[in-house]
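Enquirer: The structure is given below, and queries will be raised subsequently.
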Amino acid sequence: MSDGPGLEKPMREPTFLVLTALAGEPRHGYAVIEDVAAMTGGRVRLRAGTLYAALDRLRSDGLIEVDREEVVQSRLRRYYRLTATGEQSLTAETTRLSTQAAIASERLRLRGITFGGAPA
Amino acid sequence: MRTKEDRYRLLLELYPADFRREYADEMIGVLMADSGPVRRHAASLLGGAVTARLKQRLDGPQWRRAAFVAELFGAILLCAVALRRFAMATAITLFEPAYNRPPFDDLNLVRVVAWALVVVATLTGLRALSVAGALAGLAVEIAAPSRFYAESPVTLLGVFWIVMSAAVVLIAATVSARGPRPRGWLLVTAAGVVLAANGFSARSPYSTYAFTITRAILLGAVQWAALILIPAAAFWVAAGLNVRLERSRQAVPADSPAAAA
């Protein structure tokens, strides 16, 4: 469906996490799984099937591309990186989430709840 | 004895060949790097294989158009079948008053309205309305034979194709993309009119009851499973064949007469 940018559906969490993992630097599959686990404090442990379904989808949507391939211990290791489109997409989603979080945070502040700087 | 890698390779066999060619090697690397048991990833590999094969079948925008056609033609058919029951009830009231059956069934009225609503909503592109109508229609298609299931389970088997059609129309309604009226819609509507009108030829409210049923044999788990799985498998196979057909058609040059079909 060709709606305007404001009407896109919110990104699913695994997609967002994979793009965020690749926003830092090009990574291979296992590194993405580890990075996502670290980011979420162990809450999200991506499994291979889910990860590669996401990678394949992101590739065909043009949000990521192959950075390079290496052979490590006689196994293929493929590194992925964000494309310009992927960067735009991640930026848009981050803005959306930040805006919503800012509104919630302000309202909670008014109720007397304060937030620390870093996550617990 | 099968190694861990062998077991992962076996699971990866479930994926379509294209996907395996592209990702199998690196997936093995990722899987073997995890020291956990095979079953940790097994469920996601199964799900991933089904997703990959489903993506293969739902290739390109044409499938939404196919859903539109299924939704429209399906709703016309189901409306005609429901109207036919009205015709039957009317015929029996007029020609066989001795049976003294109530002429109109409330459930059937809901059914007729629901499917008619789906036809109209499909043509006008109102998805919420067509989904709501299909939901109501499916509910009645299930409820109607359920009234007699305990006495006569075979009635459910007789109308199960209607229940399946209603489910197909519902699913199609959620994913269809509206387009111009498909070729043959007039023919399908005419067939629906003939089908409904045929109901007037009914003279007896009972189809065939040669004997009294003393103990109904209800459907077992295997039969229920078959009723659900066989249509799903038929869809899977048909969709797979259709993808192959479409791919071979795309091999035809764009400006040839065959491509215009």
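The values are calculated or read from the model by the stated rules, or taken from the named source; none is laboratory data. Quick caveat: nothing in here was measured; it's all calculated off a predicted structure. Cβ sites come from the backbone with ideal geometry, for glycine too, and all protein chains shown count toward neighbours. Surface accessibility is based on the protein's heavy atoms, side chains included, excluding ligands, DNA and RNA. Shrake-Rupley method; radii C 1.70, N 1.55, O 1.52, S 1.80 Å.
Enquirer: Looking at segment A:52-68 only, could you name the residues that are part of a loop (DSSP other than H, G, I, E, B) and surrounded by fewer than 15 Cβ atoms within 10 Å (Cβ to Cβ)? Talk me through it step by step, then tell me what you get.
Expert: Let us first name the residues in segment A:52-68 that are part of a loop (DSSP other than H, G, I, E, B), namely A:61-63.
Result: A:Asp61, A:Gly62.
Enquirer: So which residues in segment A:69-115 are within 17 Å of A:His28 (Cα to Cα), of a type in the set (Gly, Ala, Ser) and either open to solvent by less than 60 Å² (accessible area, probe 1.4 Å) or within 13 Å of the chain's Cα centre (by Cα) (or both)?
Expert: Residues of segment A:69-115 that are within 17 Å of A:His28 (Cα to Cα), as a first pass: A:69-83, A:86.
If we keep only those that are of a type in the set (Gly, Ala, Ser) as well, we get A:74, A:86.
Correct list: A:Gly86 only.
Enquirer: Here is a further query. Going residue by residue through segment A:28-47, is there one that turns out to be outside any loop (DSSP other than H, G, I, E, B), more than 24 Å from B:Tyr8 (Cβ to Cβ) and free of Cβ contacts under 8 Å to residues at least 40 places away in the same chain?
Expert: Filtering segment A:28-47 down to residues outside any loop (DSSP other than H, G, I, E, B) leaves A:28-39.
Within this subset, residues satisfying the condition of being more than 24 Å from B:Tyr8 (Cβ to Cβ) are A:38-39.
Next cut, free of Cβ contacts under 8 Å to residues at least 40 places away in the same chain only: A:38-39.
Scanning segment A:28-47 turns up at least one residue that is outside any loop (DSSP other than H, G, I, E, B), more than 24 Å from B:Tyr8 (Cβ to Cβ) and free of Cβ contacts under 8 Å to residues at least 40 places away in the same chain.
Enquirer: From the residues in segment B:21-33 that are open to solvent by 20 Å² or more (accessible area, probe 1.4 Å) and either in a loop (DSSP other than H, G, I, E, B) or among the hydrophobic types (A, V, I, L, M, F, W, C) (or both), which one is farthest from the other protein chains (Cβ to nearest Cβ)?
Expert: Here the answer is B:Met32.
Yes or no, residue by residue, for (1) out of contact with any Ser or Thr (no Cβ under 8 Å at 6 or more places or on another chain); (2) more than 30 Å from B:Pro145 (Cβ to Cβ); (3) touching a residue at least 24 places away in the same chain (Cβ under 8 Å); (4) surrounded by 16 or more Cβ atoms within 10 Å (Cβ to Cβ):
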position: B:Lys4; (1), (2), (3), (4): yes, yes, yes, no
position: B:Phe19; (1), (2), (3), (4): yes, yes, yes, yes
position: B:Ser44; (1), (2), (3), (4): no, yes, no, yes
position: B:Gly48; (1), (2), (3), (4): no, yes, yes, yes
position: B:Gly60; (1), (2), (3), (4): yes, yes, yes, no
position: B:Leu83; (1), (2), (3), (4): yes, no, yes, yes
position: B:Ile92; (1), (2), (3), (4): no, no, yes, yes
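Enquirer: So which of B:Arg53, B:Arg2, B:Arg9, B:Arg85 ends up being among the charged types (D, E, K, R), in a loop (DSSP other than H, G, I, E, B) and either within 30 Å of B:Ser130 (Cβ to Cβ) or out of contact with any Asp or Glu (no Cβ under 8 Å at 6 or more places or on another chain) (or both)?
Expert: Working: B:Arg53 fails: in a loop (DSSP other than H, G, I, E, B); B:Arg9 fails: in a loop (DSSP other than H, G, I, E, B); B:Arg85 fails: in a loop (DSSP other than H, G, I, E, B).
Answer to the selection: B:Arg2.
Enquirer: Same structure again: Considering only residues that are away from chain B (no Cβ under 14 Å) and under 14 Å from the mean Cα position of the chain (by Cα), look in segment A:36-51 and name the one that is surrounded by the fewest Cβ atoms within 10 Å (Cβ to Cβ).
Expert: A:Ala38
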